Amino acid sequence: MALLPVADALRLLLDGAAPLKSERVPLHDAAGRVLAGRLSALRTQPPFDASAMDGYAVRAEDVASVPVRLDVVGVSAAGHGFRGRAGKGQAVRILTGAPVPDGADTIVIQENTRPAGPETIDVLDTAASGRHIRRRGLDFSEGDALLEQGRILDAAALSLAASANHAELDVVGRPLVAIIATGDELLPPGSELGPDQIIASNGYGVAAIASAAGARILDLGIVRDDRAAIADRLGAATEAGADIVVTLGGASVGDHDLVHDVLTEQGVTLGFWKIAMRPGKPLMFGRRGDTRFIGMPGNPVASLVCSHLFLKPLVARLGGRFHEQDIRAARLGAAMGANDLREDYVRAKIEIVDGQVTATPFGLQDSSMLRILAESGGLIIREPFALPAAEGETCKVLMLR
């Protein structure tokens, strides 16, 4: 199979991907989720004319000329409104958030009054009609559209939904990503390594990238280089209802790279398995029904770069989220040589001064070197067959942080 350009691979991978069906969740479980439909108010807020200040509810015409003495005939507190009426020459003690009593049309703040007796006050300043009153429906009225479909439910959105009397919300399902590491040489972190063995590190980074994009993670551990074992673990992913199955390693064409054959045997239709990119050439993608399979390269950096480029957009699309890569124009901090037929993603140190991004490529770019990736703020994108570039020239950078 000829090497597939990155843009074409991403198009094929996202083709037909649509938000998962919605589910109803309690409000306290909805943080960070994606609203599945328009949300309308179930009530009016505030549900009554309410005081915005501590003071006295009065008739504006009674305080048009000050000082003036008024009789205090009751108290209106939050949750305990005054049930009578404020008549001529009368005032009702009122606290913030309490209902404005009938007859009153303005609030004299407490600082503009002084006690004149056990049940009388002197008003020292005028207050026009409507002053310090939050009118009924000031925020929203019953039936108003409050949040649109696709809104990420952040703190403000959740508080608004609660205020509108929603105890539960319909949200887009979160994609389940099953991750399977393959290789006889792999052991989990914390293991005592034997001869020829290494630590399986890729899965943690891949899971973090998918989780940040909105996925649930199912870690199916490490499977040895054995057809039956790989088939069994893929079956476990399917049985768990995984929307995306990610395999790490075994995606190339060596004698022990079995994932390609096992996927085919299990009825997965492979769309591609060789990408014109560096790192990440041996990337596979296939589908079986609504389940998508991504075979990542075994090299740690390659798997993480591919996760940024392919897994993250797919998870976002299935989860109903808008996703756009953060690609910026930058100034090269060092010269770069000509590129070959593959699109290159070069780890680089990123500096931003007065809005100007400078990207300096690291000298070593081996796809096994995680330390360099951890120190990189972005990836310089080099087009296939790019000509040599001098220090100071403009380049494109995919920002990682």
Inset, instruction - Please check the chain for the longest run free of chymotrypsin sites (Phe, Trp or Tyr not before Pro) that are loop-located per DSSP (anything but H, G, I, E, B) and have at most 11 other Cβ atoms within 10 Å. - result: 1-321
Legend entry - Sequence of S40, S76, S376, S303 once ranked by neighbouring C-beta atoms within 10 Å, starting from the fewest: S40, S376, S76, S303
Legend entry - A208-V75 FRET efficiency (beta carbon distance; Förster radius 51 Å; 0.05 resolution): 0.35
Inset, instruction - Starting from the Cα of D232, step 7 Å toward the Cβ, then list every residue of region 203-220 with an amide N under 16 Å from that point. - result: 220
Legend entry - Residues Q149 and A338, FRET efficiency given R0 of 51 Å [Cβ-Cβ distance, rounded to 0.05]: 0.60
Inset, instruction - Would you mind checking region 44-77 for residues with the amide N under 16 Å from a putative spin-label position 7 Å along Cα→C-beta of L27? - result: 44-47
Inset, instruction - Work out the charge dipole of the chain with +1 on the Cβ of Lys and Arg and -1 on the Cβ of Asp and Glu about the Cα centre, then indicate which of L39, S367, M277 is farthest towards its positive end. - result: L39
Inset, instruction - Could you tell me which GluC sites (Glu not before Pro) in region 348-401 are loop residues by DSSP with no more than 14 other beta carbons within 10 angstrom of their beta carbon? - result: E391, E393
Inset, instruction - At most 14 other Cβ atoms within 10 Å and a DSSP loop assignment: could you name the trypsin sites (Lys or Arg not before Pro) in region 110-170 that fit? - result: R135
Legend entry - From the coordinates shown, Rg and Dmax of the Cα atoms in Å corresponds to which of (1) 21.9, 69; (2) 31.4, 102; (3) 31.8, 98: (3)
Legend entry - Contact order normalised by residue count of the chain, Cα under 8 Å, 6+ apart, percent: 16 percent
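Computed from the coordinates by the stated procedures, all read-outs in this text should not be read as laboratory data. Because the structure is predicted, anything quoted here is derived from the model rather than measured. In this analysis, Cβ positions are derived from the backbone assuming ideal geometry, glycine residues included, and neighbour counts consider all displayed protein chains.
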